[in-house]
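The values are calculated or read from the model by the stated rules, or taken from the named source; none is laboratory data. All of these numbers come straight from a predicted model, not from anything done at the bench. Here the Cβ positions follow ideal geometry from the backbone for every residue, glycine too, while neighbour counts run over all protein chains shown.
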Amino acid sequence: MTLTRYLAACAFHTMGLLICLAPILAQSQMTSIGSGSYTLKPKGQDPSPPNAPFRTPDLLTKAAPTNQWYSTLIFHEKPEAIFAHPLSVKPTELGIEVALPRQEVVPTERQDVEIHYAHSHPIRISSPSLTLGKAKLARISDWSIDISQAQGQDQLLATVTHGSPYVYFQVNRGNLRIDLPSNGKKLESLTGKSLALNANHLVLEVNGQIFALFGPSGAKWEAMNERSWTVSLPEGKGYLSLAAMPDSTFSAFKLLQDHAYAFISDTKVNWEFDSAKSQVKTQFEVTSKMMEGLQTTPLLGLYPHHWHQNSSVSDKLGPAYDSIRGPIKLLAANSFATNLTYNGFVPFWPGIKDPAQAKELSDITKTDVRNARRMMLEIGVGPYWQGKGLQRIAKLMDVVEQQGDLAARDQLLSTLKTRIEQWFSGKDNKTYFHLDKSLGAVIAYPEEYFSIAQMNDHHFHYGYWIRTMADIALRDPTWANPSQWGGMVNLLIADIATGERGRSDFPFLRNFDPYEGHSWASGVGLGAHGNNQESSSEAINAWAGLIQWGEITGNVQLRNLGLYLYTTEIEAIHHYWFDSHGIVFPKAYKNAEVSMVFGGKYAHNTWWTDEPRQIKGINLLPISTASLYLGRAPNHVKRSVATLGPETAVFASRGKYANPPDIWQDIFAKYLALADPSQGLASWKRWGSFELGDTRSHALHWLYSLNNMGTPDFSVTANTIFYSVFKDPAGRKTYLAYNSGKADLNVQFSDGKSMTVKSGNLLREN
């Protein structure tokens, strides 16, 4: 029917015309991508994502960098503090505040403590000569930003860099002013040595911490009162660096003075994968502009995941700062590198052969298969719970397939496809995806957990969809081809992990912080403690999805990006969530792990409940074949699980929780099995509670598999992507390798074992 005839048929009254126009107007906003489609505008009264107006004009033409450590700056009229570590920075109407946060142990109503490093006792930099405007993001690079407070021709610019002991200031004219809080004062000497050597520096003490300001040669300082100074800047030398000192020694002052004029102007991270060694090498490169002096090398602050067990920098590190992330150690360099081992995973584990185990598993899978459709709709209908439901059924599909029930496999595969097509087609007015070009983001409807209003959790939500699509692509690559439904997967990947910088459609690595080495969940940066991430394990699930999708589709660049994100975030988790190496958490912190990591604090809690098991489990789920990293520190696993009994009992005795004591018992049985398979299996109750992103079938298959194979052996690597190695208590090893290619695959393990895997096969050998 033509548009004219369609409208004529509807024109019997005005309301009829509007009703008939609605589907046409909706369709006119649809953009096809293979068999799928997305909207260019929200449907009906559905909300749009927030604006990010506080960017300079050139950045307004680019996708907005949401979900970053500095994202508060671009969304809010009055931004919160930005935690760059070791410094914190807060733009205000009166100028730019800089502080060196220090540890605070804060008791909670849960009878434990949180560790805070708040933005407090700041020094403020302003200008008596300029009219300051609203703070805006003026430049971004991979771990450094410029903040502009421009008004007309007047410009105050501050450069803030992750890990740097400096904030660099520049003005286009006039002077700068320094104001201290009431507990600040000027210092005349350090460790007995006079500081009155020349006129270009000012050393201050605030709340027991020492700061040094370095002006250009020819600068003149004038005291306004005992806590305020102005510095007159010579013509053409409108710059100043402010540094926090790691200690009160004169040698620390001299080190900071020597490097104070190498202003960082660009930062860039690059990654590459060495398949033969199964290693990801990450290169950190810094470009700096020499303002004056002879020392052209900047000072970089390396986080624990940079310097721990890194022989390439160990003999070059200088003094360290105490920080929320543990010791940040100084390195005078324009670049450094890390090498992290990728320990592999396979898409699924082989079937259980023991007759008694297989019989019990078969009994459970029959029930789960019968209830599969219902299990995709247990709680929510938005992208998070629908994604969890999809992956839940995909992992059940793995089990029944490997147990030889291909009819059940095909039934589940059809169920997954039907649900995904409903969303990806864009035809449903309630469940669909929208590409917002003004912000540069893919938005899913209906909203869950402020994923639209605050741009939260996109990597959590979309990670489940990507991982499920990768599992389907193993069975039906034609259906998952970009010309059919795979194009929508690539769109979701672009939203959370675009690997190119400066694009107008999507930001570079939306959720990932290249320097801190982990993701951020909050999109707009709310709260005085900076950005945050709770479920680090759901971030890992997303990056595993990228690896699997990239490998299966032959996109090596995407696969290597996934490998970089996966291995890097795992390293950060073991430092900043689990403190597996014992160098981050202070003695006052008594919990086995952190459940919520913020820019300026960490806590043992969640956003939605105080129930102890969920607080612990949110950084474990979903436990899949890509979760073996959780077993890298078996002593930590045992200690963590051991706290569940008494912790739950204490809080239950206070009448605080109604949840059963075995809530998510499948998650903890699987977690414990990574350190002690027999204990993990013994702790599992067939009819106990289970987490709604998992099934009893998958949990039991996991537990039997580890009991039969042993715990992960992280000492052995292989020259392929899909591999895992296990070792039982007797020292016998089990080798797994999966071949997603079309030709035979020769796999060489680092301990000398070799295997030839047929196309489309998972091979297990001892």
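Annotations for the structure displayed:
- Taking the criterion of being over 29 Å from the mean Cα position of the chain (by Cα) and not acidic (D, E), the residues of the range 394-408 that qualify are V399, V400, Q402, Q403, G404, L406, A407, A408.
- Lone qualifier among N339, N343 - being under 19 Å from E569 (Cβ atoms), among the polar types (S, T, N, Q) and part of a strand (DSSP E or B): N339
- Which listed residue, of A223, A252, is over 14 Å from Q295 (Cα atoms) and assigned to a strand (DSSP E or B): A223
- Pairs are defined by a Cβ separation below 6 Å, a sequence spacing of at least 6 or placement on different chains, a first member in the range 420-436 that is within 21 Å of A394 (Cα to Cα), and a second member that is assigned to a loop (DSSP other than H, G, I, E, B) and among the polar types (S, T, N, Q); the pairs so defined are W423/T431.
- Any chance G530 is assigned to a loop (DSSP other than H, G, I, E, B) and either under 17 Å from the mean Cα position of the chain (by Cα) or free of Cβ contacts under 8 Å to residues at least 24 places away in the same chain (or both): yes
- For the range 268-287, filtered to residues that are among the hydroxyl-bearing types (S, T, Y) and over 19 Å from the mean Cα position of the chain (by Cα), the residue that is surrounded by the most Cβ atoms within 10 Å (Cβ to Cβ) is S278.
- Subset of the range 450-507 (residues that are part of a loop (DSSP other than H, G, I, E, B) and among the acidic types (D, E)): D457, D476, E500, D505
- The sole residue among Q411, Q386, Q391 that is over 31 Å from the mean Cα position of the chain (by Cα) and either of a type in the set (K, R) or within 26 Å of V346 (Cα to Cα) (or both) is Q411.
- Selection count where residues are surrounded by fewer than 15 Cβ atoms within 10 Å (Cβ to Cβ) and without any contact (Cβ under 8 Å) to a residue 40 or more places away in the chain, scope the range 209-249: 8
- Residues of the range 708-743 that are hydroxyl-bearing (S, T, Y) and touching a residue at least 40 places away in the same chain (Cβ under 8 Å): T711, T717, T720, Y723, S724, Y738, S740.
- When N746, N707, N739 are checked against the criterion of being crowded, with 21+ Cβ neighbours inside 10 Å, at pLDDT 95 or above and touching a Ser or Thr at 6+ places or on another chain (Cβ under 7 Å), a single residue qualifies: N739.
- Taken together, the criteria place T230 among residues that are of a type in the set (S, T, Y) and either farther than 17 Å from A332 by Cβ or not in a strand (DSSP E or B) (or both).
- Whenever a residue of the range 142-163 is touching a residue at least 40 places away in the same chain (Cβ under 8 Å), it has no partner that is among the charged types (D, E, K, R) and part of a loop (DSSP other than H, G, I, E, B) lying with C-beta atoms less than 6 angstrom away and at least six residues away or across chains.
- Positions within the range 99-132 being more than 26 Å from D247 (Cβ to Cβ), under 28 Å from the mean Cα position of the chain (by Cα) and without any contact (Cβ under 8 Å) to a residue 40 or more places away in the chain, in sequence order: P107
- Filter result (surrounded by 20 or more Cβ atoms within 10 Å (Cβ to Cβ) and either closer than 26 Å to Q68 by Cα or free of Cβ contacts under 8 Å to residues at least 40 places away in the same chain (or both)) within the range 587-604: E593, V594, S595, M596, V597, F598, G599, G600, K601, Y602, A603, H604
- For the range 346-363, a tally of residues being assigned to a loop (DSSP other than H, G, I, E, B) and more than 23 Å from R632 (Cα to Cα) returns 4.
- Qualifying residue in the range 389-404 (condition: assigned to a loop (DSSP other than H, G, I, E, B), crowded, with 21+ Cβ neighbours inside 10 Å and in contact (Cβ under 8 Å) with a residue 40 or more places away in the chain): no
- In the range 28-131, counting only strands (runs of 3 or more DSSP E) that sit wholly within it, the ones holding 1 or more residues that are charged (D, E, K, R) span 88-92, 95-99, 104-107, 113-116, 123-126.
- Residue list for the range 274-307, restricted to those being more than 15 Å from Y515 (Cβ to Cβ) and not polar (S, T, N, Q): D274, A276, K277, V280, K281, K289, M290, M291, E292, G293, L294
- One residue stands out in the range 236-247 among those that are part of a loop (DSSP other than H, G, I, E, B) and modelled with pLDDT of 95 or more: the one that is nearest to I125 (Cα to Cα), namely G238.
- Filtered residues of the range 292-307 (kept if more than 13 Å from L331 (Cα to Cα) and surrounded by 19 or more Cβ atoms within 10 Å (Cβ to Cβ)): H305
- Within the range 684-699, being buried (at least 24 other Cβ atoms within 10 Å of the Cβ) and of a type in the set (A, V, I, L, M, F, W, C) holds for one residue alone: A699.
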